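Let me begin by presenting the structure, written as structure tokens, before commenting on it.
The values are calculated or read from the model by the stated rules, or taken from the named source; none is laboratory data. Model, not experiment: these values are computed from the prediction. To get the accessible areas, we keep the full protein, side chains included, count just its heavy atoms, and leave off ligands, DNA and RNA. Shrake-Rupley method; radii C 1.70, N 1.55, O 1.52, S 1.80 Å.
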Amino acid sequence: MNPVGHNSVTPQTTLPQHLASPPLAACCARLLHRPVLRGPLLDPTAYEDISLREEIDRLAEPGTPIDDAGLVRLLAKYFHAYVHGSHNERLSLADIGLLFDQFHNRRRGADSLENRRDLRAFLLHHGFALCMLADLPKSAHILRQILTAPLSPRAGAPFLGLDIGTGTGVLMLAMHIAARRADFAAPRTIGIERDQTVQERTDALVRTLGVGQAILGDATRPETYADLPEGPVSFVCNETLPSLGRRMWREDFSPISAALFATLGQRLAAAAFFPAALWVGDGQEITVRLGPENAFSPATRPPVRLLKAMAIEMDGGVLPLDRIGRDFAPHVQPPWHERLARRW
């Protein structure tokens, strides 16, 4: 037998595709995948597997008690419905936990996102809006505040709610439920969203749920309000807020307020607002209350846009922004606390 020389041809063996080893880079990346967090997102003893639509109809019934754990549960189901269109389905707690795990890991490798490119792309494209909703403790606290706002139906008067920077439309849902609890007939809510991808998805969901409609527009521009239905506005949500200690110019709260009041004027005279008032300051001596009486944009020195967001009025008092939602945190299981997004 002659030894194989450098000019000899060595037979090549090709493995079947299902037996071939994956590339080294793929193997290394796979080792870095985050495992699925298996524990339940919410307290199993407070979870009911009724559909989102059933949750909404139950809570919208006048006189139904408002249960904090139920608000968190409703929001978690709304999150799932926004992504998967599951509003008529009875979901398990594991179904919801899996999606929250996928959302948490949307920017990196994870077992829960293996071979889910379309889902990952959706979570990335809608990430900012979903982050606001996914902060379940803060979102639930805000939901309760809207549901408990005093609303007095006037004979024959329609309900018109306006949600500015609507994102996923969850505050549209809150106003819709609040109006039904207050016995308004055929309440109508409109959300304004400037991101077209988000607006289209939100509009599809809120129309399907019978909540209202989301329109595309820049809420800092007066013309955006030109085509709203006529008549008084019943409720306005504008939570385009910077986080605690951030200067007001970082978000559009002030220019939105200016455009809103300049355009709608007396149509806002009897409206409820969220936030009912915002407190801003320089972190030391200056504190200023922004409320409906000064169109949320009083003349100050220094100007409001240079002051820092401090607190909003909730639960009958003034609550620092970083304390919103604290009472609702126990309704989320401890392993998930660090995985939830932060609203602001």
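Can you give the Rg to Rh ratio of the chain, both from alpha-carbon atoms, with Rh computed by the Kirkwood formula?
Rg/Rh: 1.12.
With n ≥ 4 as the cut-off for DSSP H runs, can you work out [θ] at 222 nm for the chain, using -39500 (n - 2.57) per run divided by the number of residues, rounded to the nearest 500?
That comes out to -10000 deg cm²/dmol.
What is the percent carbon and sulfur in the accessible area of the range 107-229, measuring with a 1.4 Å probe over the protein chains and ignoring ligands? Intermediate results must be reported in sequence, preceding the final value.
Numbers: 2420 of 5220 Å².
Here it works out to 46 percent.
Against the globular-protein guess of 2.2 N^0.38 Å, express the Cα radius of gyration of the range 218-344 as a ratio, rounded to two decimals. Could you put the intermediate results ahead of the total?
Working: Rg = 16.1 Å, N = 127, 2.2 N^0.38 = 13.9 Å.
For the range 218-344, the normalised Cα radius of gyration is 1.16.
Among HIS125, HIS87, HIS331, which one shows the highest mean-square fluctuation when the chain is modelled as a Gaussian network with alpha-carbon springs under 10 Å?
Result for the chain, Cα springs under 10 Å: HIS125 fluctuates most.
Across the range 71-195, how large is the tail of the calculated P(r) beyond 23 Å, expressed as a percent of all Cα pairs?
Working: 2937 of 7750 pairs.
The share of Cα pairs beyond 23 Å in the range 71-195 comes to 38 percent.
Leaving ligands, DNA and RNA out of it, work out the accessible area of MET248 with a 1.4 Å probe and give it in Å² to the nearest 10.
Result for MET248: roughly 0 Å² accessible.
In the Gaussian network model of the chain, springs joining C-alpha atoms below 10 Å, which of LEU306, LEU59, LEU162 carries the largest mean-square fluctuation?
LEU306
Can you tell which of GLY70, GLY212, GLY265 shows the greatest fluctuation in a Gaussian network model of the chain with Cα springs below 10 Å?
Most flexible of the set in this elastic network: GLY265.
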